[in-house]
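Peer 1: Sharing a structure with you now.
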Amino acid sequence: MIIKAVKLYENGFMTQPFAFGGEDGMDKFDASIKYRSSLQNYLIDTGKEVILIDTGMPKEYPDVAPDENAMIYMGSRVKDYVGALKEAGYEPEQVTKILVTHKHDDHSGELRSFKNAKIYISPEDADAIKLGGDNIIRVEYTDGAYYNFPACKKIVDGVYFIEAKGHTHGNSIIIAENNGKFYMFHGDVTYTDEALYQNKLSVVYEDVEKARKTLDNVREFIKNHPTVYLSTHTPLGYENLENDKVMDLDNQPESIPVGKIEFKAPTGKYICSVCGFIYDPEIGDEANGIAKGTPFEELPDSWRCPRCKQGKEKFNRA
């Protein structure tokens, strides 16, 4: 089995309140503390099949303009998803299965590029993004418990699709077993490994009680099994993979400082950091009473993202 990262964005940051504030409140944490951020997804080459774990942002997704006051900035684009996949040594036609951890655009954005692959996704998230077709497998967790996780579906030998609700109503994680270790592709159970060590939820979830249960299950599993933790939104994800690093929750390593961020002029558009919705002032949001030509800064405080219903504070400048 070969596991590779598909690298999409680099040199970003997230704030401690964003990464840690889901239960205690953002005001309990220090916004001046920033952790490294990036965006990468993963693939598993079993020797017989090429299996993708998520498929990155849509190709047309605009670059976000870094703002030092943003809660999360994924960084600058390295490549679009298909280009990054090719750089990793694979063509779209080789992909046989795609396992979607959850519905958000940075995990499902290029499903359309793999017409021949079987796409596995929870029923709740398939419904949320209106996925349909003969290649869509609405996962039923019919294979019972996977260690301390209550429900799973075996995809192929050594690869399991595991129910892990909370971040979204249909959130899942994937675990691959290889050479005595467990490789955990967790989507956004945490946004940075520091939150895993500190046992903190991010501010992004659809069900906080289920998100807490999922994080508890993840930590219990890691304590009892040699686990390589493969994050989506921190370079620690691919660094853990490259170093084949097993997590030790009792010994948190020192955080690597955020690198230099180059700021640029904004376009006037704003992007939801949760679901990827783009607010364009030239279009407005007439369905919700926002006229064309309304700058983002003039939207009422009560306005919510039309797609995921998050508030204005979850948006970043483009």
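Peer 1: Hey, how many Å between the Cα centroid of the stretch 283-318 and the Cα centroid of the stretch 216-261?
Peer 2: Cα centroid to Cα centroid, the span is 35 Å.
Peer 1: In degrees, nearest 10, range 0 to 90: what is the angle between the Cα axis of helix 208-224 and the longest Cα principal axis of the chain?
Peer 2: In the chain, helix 208-224 runs at an angle near 40 degrees to the longest axis.
Peer 1: Here is a further query. Please enumerate, by chain and number, the lysines with C-alpha under 29 Å from the C-alpha of K115, excluding those fewer than 8 residues away in the same chain.
Peer 2: Those lysines meeting the cut-off are K4, K7, K48, K59, K79, K86, K97, K103, K130, K153, K154, K165.
Peer 1: Scan (1) 15.9; (2) 21.6; (3) 20.8 for the value of mean projected area of the Cα convex hull in nm² calculated from this model and give just the label.
Peer 2: (1)
Peer 1: Please compute the contact order of the chain in relative form: average sequence separation of alpha-carbon pairs under 8 Å and at least six residues apart, divided by the residue count, as a percent.
Peer 2: Here the relative contact order equals 18 percent.
Peer 1: In deg cm²/dmol and to the nearest 500, what is the mean residue ellipticity at 222 nm of the chain if only DSSP H runs of at least 4 residues count, each as -39500 (n - 2.57), divided by the residue total?
Peer 2: On the way: 7 runs with 52 residues, N = 318.
Computed mean residue ellipticity for the chain: -4000 deg cm²/dmol.
Peer 1: Could you name the lysines whose alpha carbon sits less than 18 Å from that of K292, not counting residues in the same chain fewer than 8 places away?
Peer 2: Straight-line reach from K292, under 18 Å: K269, K312.
Coordinate-derived values only; no laboratory data. Just so we're clear, the structure is a prediction, and the values are computed from it rather than from any experiment.
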